[in-house]
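The values are calculated or read from the model by the stated rules, or taken from the named source; none is laboratory data. Here the structure is a predicted model, which is why all the values come from computation and not from measurement. Please note: Cβ atoms are built from the backbone with ideal geometry, for glycine as well, and neighbour counts cover all protein chains shown.
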Amino acid sequence: MIIIHAKGNETLGIGNLARSYELIKYLSNKYPIIGVFECNDELYARYRLKNISQSNSLEHSIDIIKQSKAKFYICDIVAPNKNLSDKLREIGIKKILHFNEIEYGFEPDVLFVTDGFDYQIEAKNCQVYKGFKYYIVGKKILQNRKKTFTPKMDIKNILICFGGADPAYFTEHFAKTINDTIYNYSIVLGPAMSKDRKAFLPF
């Protein structure tokens, strides 16, 4: 059994949930797999599958993981620490794979660094895979991706979107900064952006 554990909210963003959701769908055709998503009801409704459980806390997630008797654990939560990896091994996890940073002491067996920046990874007793080729992208996106890129010589329309939550508040910055009539701007608001933030946007 494989467990995929992800967390997402307005503060963290929801890319971890989206990535884990696609991975669960892909692996479900080959392996017994369970997802544990720490998120609110609204986000859970977007990623609901029969083999994905909703969790309201890290402690609740660990209980689900323990009950599953899984041997492989894929971590897609932000800033896990050594206490978590120790706890996972205590409850029977044999192999830990992780998609984010390990600066808080988390000790995976395999680490995927899915950006293209060439920085040193301080990982002891851990296999490290780096680079854009380890991105996980949904089939719907890949189906619409052009095989060859043709630069546009004349641009009139600009689409702006900073993901499902935009925890860095880039949307507000651009909405206030844009002040020209040269282009037609469309700003897309992500599903995890709060109603309060949407209400204060100047459009």
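Here residue 173 fulfils each of the conditions (1) touching a residue at least 12 places away in the same chain (Cβ under 8 Å); (2) farther than 20 Å from residue 7 by Cα; (3) surrounded by 12 or more Cβ atoms within 10 Å (Cβ to Cβ); (4) out of contact with any strand residue (DSSP E or B) (no Cβ under 7 Å at 6 or more places or on another chain) apart from (1).
Restricting attention to the stretch 57-109 and to residues that are more than 16 Å from residue 125 (Cβ to Cβ) and small (Gly, Ala, Ser), the residue that is surrounded by the fewest Cβ atoms within 10 Å (Cβ to Cβ) turns out to be 57. Among the residues of the stretch 91-114, is any among the small types (Gly, Ala, Ser) and within 19 Å of residue 7 (Cα to Cα)? Looking through the stretch 91-114, at least one residue is among the small types (Gly, Ala, Ser) and within 19 Å of residue 7 (Cα to Cα). The single condition among (1) assigned to a loop (DSSP other than H, G, I, E, B); (2) more than 21 Å from residue 140 (Cα to Cα); (3) more than 14 Å from the chain's Cα centre (by Cα) that residue 78 does not meet is (3). Summed over the stretch 101-116, residues that are out of contact with any strand residue (DSSP E or B) (no Cβ under 7 Å at 6 or more places or on another chain) and not small (Gly, Ala, Ser) total 5. Those strands (runs of 3 or more DSSP E) of the stretch 85-203 in which 1 or more residues are more than 23 Å from the chain's Cα centre (by Cα) and outside the structural domain of residue 36 (by TED's automatic domain parsing) occupy 157-161, 184-188. For the stretch 11-75, which fully contained helices (runs of 4 or more DSSP H) count at least 1 residues that are in contact (Cβ under 8 Å) with a residue 24 or more places away in the chain, touching a Phe, Trp or Tyr at 6+ places or on another chain (Cβ under 9 Å) and more than 24 Å from residue 195 (Cβ to Cβ)? It comes to 15-27, 58-68.
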